[in-house]
1. How much net charge surrounds GLU170 when only other residues with a Cβ under 9 Å from its Cβ are counted (Lys, Arg +1; Asp, Glu -1)?
2. Need one word for region 2-123: rounded, prolate or oblate. Basis is the Cα gyration tensor (sqrt eigenvalues a ≥ b ≥ c); a/c below 1.5 gives rounded, then a/b vs b/c decides.
3. So between ASP58 and SER167, what do we pick up on full extension, going 0.36 nm a residue minus the alpha carbon distance?
4. Please give the length that would be gained between ASP35 and GLU144 if that part of the chain were fully extended, namely 0.36 nm times their separation in residues minus their C-alpha to C-alpha distance (nm, one decimal).
5. What list do you get for GLU219, GLU144 if you sort them by fewest beta carbons within 10 Å?
6. Label-point separation (nm) for ALA81 and LYS154, each offset 7 Å from Cα along Cα-to-Cβ?
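What follows is calculated from the coordinates using simple rules that are stated; it is not laboratory data. Being a predicted model, the structure only gives us computed values, none of them experimental. Because the Cβ atoms are built from the backbone with ideal geometry, glycine has one as well, and the counts that use them run over all protein chains shown.
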Amino acid sequence: MVIQIVEDDRSLSEGISISLGDYADSFYKEYKIEDAKAGFDRYGDEISLIILDLNLPDGIGYDYLKYVRERSDVPVLILTANDLEMDEVTGLTMGADDFLTKPFSLAVLRARVQALVRRSRMSGNGVSSAGKDTSKLEKSGVYEIDDMIFDFEKLSFRKGEEELFLSVNEQKLLKIFLDNKGMLLTRDALIERLWGDSGEYVEENALSVTVNRLRSKIEGSGDVKHINTVYGQGYRFE
C-alpha cells in the first residue's frame, strides 16, 4: 500500500508517516499542490490513499482534490485547521472520503485511515463506484434520477419544481447512496462514513432517523422506491 501525504508542515508529515508505518509500504510526501499534481502524474496508479491538507503554500487543497477526482477514485482524507461545517460539506461534495480537523490525535488518524482502507478493499477499487459506469454528468457532481436533480457542486437539490432542503448528514448520506447505486451498504459502513470513528455517533437510532428523513424527501407515495431496507443488514439504493 502506498500513501501520498500532501502537507506543508514537514514535521507533521513525518509524524503521520511514522504513525501509519504499519499500514503502508511506502509514502510519497509532497508539500505543494504543484508538486502533488506532478507526483500524481508520475505514480498515481500506485497510490492507495491520499492525505491532503487544505491550506497549502500555493493554493487550497480543494484544487488538488478536483484534479485527483477527474482521474481517480482513490480515497482522500482531508486535513484542515478550519473547524467549519461548510469546509466539510465542500470537501465531501467534491469527492473527499473523510475529513479531520486539526489538531487531531494520531490515534484518531489511524482509526480513520483504517476505516477508509477497509471500505476501499470492500468496494474493490475505491470507496466510490464513480469512474466505472457513471456518466460525465455524475462525474461533475450532478445526478439526475426520475424527475430529481441533485447538484452537489452548487448544493442544489430539486424534485420536479420543488426545491429540497437537505441537512448536512442527509446530503452526505445521499451522496454515498448515489455513488454506490445497487450495492448493499451495511449499517456499520454507513455509520462510519457519516459519523466516523471519533465518538460523535451517540444515538443508536441516528442512522435510521437520517435515512427516513431523506427517504421522505426524495420519494413520493407511489410504488417507486429508491432507498430499500435490507433487513438485518443495511440499505441498497436503486
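1. On the way: positive: LYS172, ARG213, LYS217; negative: none.
Net charge around GLU170: +3.
2. Numbers: a/c = 1.12, a/b = 1.03, b/c = 1.08.
Because its axes are fairly even, with a/c under 1.5, region 2-123 counts as rounded.
3. On the way: separation 109, 0.36 × 109 = 39.24 nm, distance 3.26 nm.
Here the answer is 36.0 nm.
4. On the way: separation 109, 0.36 × 109 = 39.24 nm, distance 3.58 nm.
In short, 35.7 nm is gained.
5. Details: GLU219 15, GLU144 12.
So the residues, fewest neighbours to most, are GLU144, GLU219.
6. It is 3.5 nm.
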